[in-house]
1. Hey, which aspartates and glutamates would be in cross-link range of residue A:208, C-alpha to C-alpha under 19 Å, not counting anything within fewer than 8 residues on its own chain?
2. Normalised by the number of residues in segment A:3-172, what is the relative contact order in percent for Cα pairs under 8 Å and 6+ residues apart?
3. Wrap a convex hull around the Cα atoms of segment B:3-172, take a quarter of its surface area, and give that in square nanometres.
4. Could you pull the copy-to-copy label distances for residue A:231, with points set 7 Å along Cα to Cβ, in nm to one decimal and sorted shortest first?
5. Karplus couplings for segment A:2-9 from phi (6.51 cos²θ - 1.76 cosθ + 1.60, θ = phi - 60°), rounded to Hz, Gly and Pro as x?
6. Can you run phi through the Karplus equation (6.51, -1.76, 1.60; θ = phi - 60°) for segment A:134-151 and list ³J(HN,Hα) in whole Hz, with x for Gly and Pro?
7. Identify, for chain A, the residue whose C-beta comes nearest the rotation axis onto chain B, and round that distance to whole Å.
8. With chain A treated as a Gaussian network of Cα nodes joined by springs under 10 Å, which of A:28, A:42, A:203 yields the largest mean-square fluctuation?
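The values are calculated or read from the model by the stated rules, or taken from the named source; none is laboratory data. Predicted model, so just to flag it, every value in this text is computed and none were measured. Heads up, the Cβs are rebuilt from the backbone with ideal geometry, glycines too, and the neighbour counts pull from every protein chain shown. Surface accessibility is based on the protein's heavy atoms, side chains included, excluding ligands, DNA and RNA. Shrake-Rupley method; radii C 1.70, N 1.55, O 1.52, S 1.80 Å.
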Protein chains: 2
Amino acid sequence: MSTVVQKYGGSSVATVEKMKEIAKRLIARKEKGDDVVVVVSAMGKTTNGLIEMTKEISSNPCKREMDMLLSTGEQISISLLSMILKEFGYESISLTGFQAGIKTEGSHTKNIIQDIDIERVKTHLNDGKIVVVAGFQGINESGDITTLGRGGSDTTAVAIAAKLGCSCEIYTDVDGIYGIDPRVYPAAKKLDFISYEEMMEMASLGAKVMETRSVEIGHKYNVPIYVGLNTGNVKGTYIKEYDDTMEQNLITGLTATDNVLMVTLNNIPYNSNNISKIFCRLADENVNIDMISQTSPSTKYVNVSFTTCKDDEPNIDRIVNELKKDMTEIEYLKESDVTKVSVVGTGMRNQSGVAAKIFKLFSDNNIEFKQVTTSEISISYTIKTTDKDRTISTLAKELNL
Amino acid sequence: MSTVVQKYGGSSVATVEKMKEIAKRLIARKEKGDDVVVVVSAMGKTTNGLIEMTKEISSNPCKREMDMLLSTGEQISISLLSMILKEFGYESISLTGFQAGIKTEGSHTKNIIQDIDIERVKTHLNDGKIVVVAGFQGINESGDITTLGRGGSDTTAVAIAAKLGCSCEIYTDVDGIYGIDPRVYPAAKKLDFISYEEMMEMASLGAKVMETRSVEIGHKYNVPIYVGLNTGNVKGTYIKEYDDTMEQNLITGLTATDNVLMVTLNNIPYNSNNISKIFCRLADENVNIDMISQTSPSTKYVNVSFTTCKDDEPNIDRIVNELKKDMTEIEYLKESDVTKVSVVGTGMRNQSGVAAKIFKLFSDNNIEFKQVTTSEISISYTIKTTDKDRTISTLAKELNL
């Protein structure tokens, strides 16, 4: 007998009918002899409905009250799911975030889990109950109800699994994790396994299946995470520690992000303060910088390129014009209609020549790339958006994704 | 400077627009220099919407989960109302039942307040905040969310006022308490004052303005309760301790209940057990008995009449037929289309002749009455429903209601 934490998102529990299907899956697992904790999100569009009401009140409603409001969404799902389990003849109990002992800290609407007092969950599991926990929420030191922000229910599930020392299964409306988003490249292959680190790189590079935070917790506490379809029995993907027995591609995944603006500042007077001054000004104005590459400076000048979101263009125009008052020599170049393509793989850590192989692929196929940055397990390139489809299919084919 | 607890029901907070009007009233009170606690119910039809979902699950859903579900209704209202107050520039904080320290005991869906740990409310009041508390809910010793059943938000408000040692104002869609329901007798007079005891008699006799429980708490802790309209400035009714300076009618109020079934059992063999046996059987089957009158027994037999709700008729038929197997002499008579009329007044405690005066009114107007029962401050009669309107207008006119 083992314990499992399963998590179902909002579309899986959008109606009472859908919840009944989830209940049957939970019961089947319980009947196999496992102890079952289930974490659920708010029903389908509930959260949006609540947010709509706040728009009648304020464009920037109090965040503490926002948490109080939004946390009702999961409370509704857990009570209904628990009712259904009992109606099907199984012992069950629903627990809000605070009842499940989920203690959080940070700012309202984006709290992080500080600790979980897991005793109540354990007691109910020992009594043979299916424990239904509200995702996305907790309680802070002041006794206020808090929410965990984006991907919060995944985080709740993985954190509870970490405390219980068991595995976590995330059920969703995609059937696993792909090396490339299948909506972008339909021939994409589903992965059987991916390491925590690769998943984190891919998540932060824009693959939307799971938020980075929950994978981080899984990594830290070594919680095996399974991601699969919320219906049927299609085999999904395991996220776990990198393991030599994993069938390991050099490259595990590829992500692409459109709507990128590439900014280049040439002829920045070269002293130690100027680069820092530029990026501090951008940060002060909340301009989100992604890739940064600086080429080796000449004696007098240095050149920097960075990517950002196209929406920030007017902000950047304003900031650069201010900076030019002090640094009159700066040449300001922008390129829009740029796509960022990133390839990720733990394998590249131990193998040289991955960048070279990709450069050669680009060269053989006449794909022009503009900026390159690397991390230990990823390489990112910017290309023209018009080259995107060709780039993805070339890389996917040659790298066996 | 004093403190006040105000309570607004579901129709007062049915929309964000309506909540804004309530917020303005609260702010006006705060501006007068008072500390303000406000207790609110769930928005309009929210609770019904939640109950509808449970009907897809079970005809008898788990009551613990029902409390978990329904308590979200008030949580939504308090967060929105607090957001509005802040948007209007006033410090405010919303508290769920458990955050407001409301500890309950009893069975789920009909818990009673066991105690209130009022410290958090006091702290926020001292900080100058308008404290918005969820009505109808609390937390029990196991840490489960509970609800207080019918009239629960009134109970929350009066209990908090008792703890704070201040007065309580219940705002609703009626403009006060009338001696007779104005829908039944449009010329009914609104009362300026009514004593706790009279209000409790009237509430338990079917006047729906306030539930008996909240008036009981008000009585026990001597909390002055004001009942008035949730809009405008029409003067409402004060419920308070009986006071010789109150302008006191002999009779304060009159209530009428339709759909009554009057049952008479004649010729019950007279011994000490039989009457008890009959009423125990009825209680076992959850038949709700209201008026009971027993006439003085003969040496062999005793006669009993009681009233009940017409819906219980099939149950009573079955039970009486079972009882007749042992007590074959019993004669079983039923009369439906009966209305119960009750007159209530603390004044009658100290004055003889009230019953006589009413009997004479009935006699002068040829109104036939079937059963009579009395309490210290009330007299109830059963009459034919066809005589109801005539009876009410006669009594109201003659008793100056």
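1. Counting by Cα, and skipping residues close in sequence, residue A:208 has these aspartates and glutamates nearby: A:154, A:169, A:173, A:175, A:181, A:192, A:197, A:198, A:216, A:258, A:290.
2. Computed over segment A:3-172, the figure is 30 percent.
3. Details: hull surface 36.0 nm².
It is 9.0 nm².
4. For residue A:231, the inter-copy label distances come out at 4.6 nm.
5. 10, 10, 9, 10, 10, 10, 10, x
6. Once rounded to whole Hz, the list reads 6, x, 6, 9, x, 9, 9, 5, 7, x, 8, 6, 10, 10, 9, x, 3, x.
7. Per the Cβ-to-axis criterion, the result reads A:72, 2.
8. Maximum among the listed residues: A:28.
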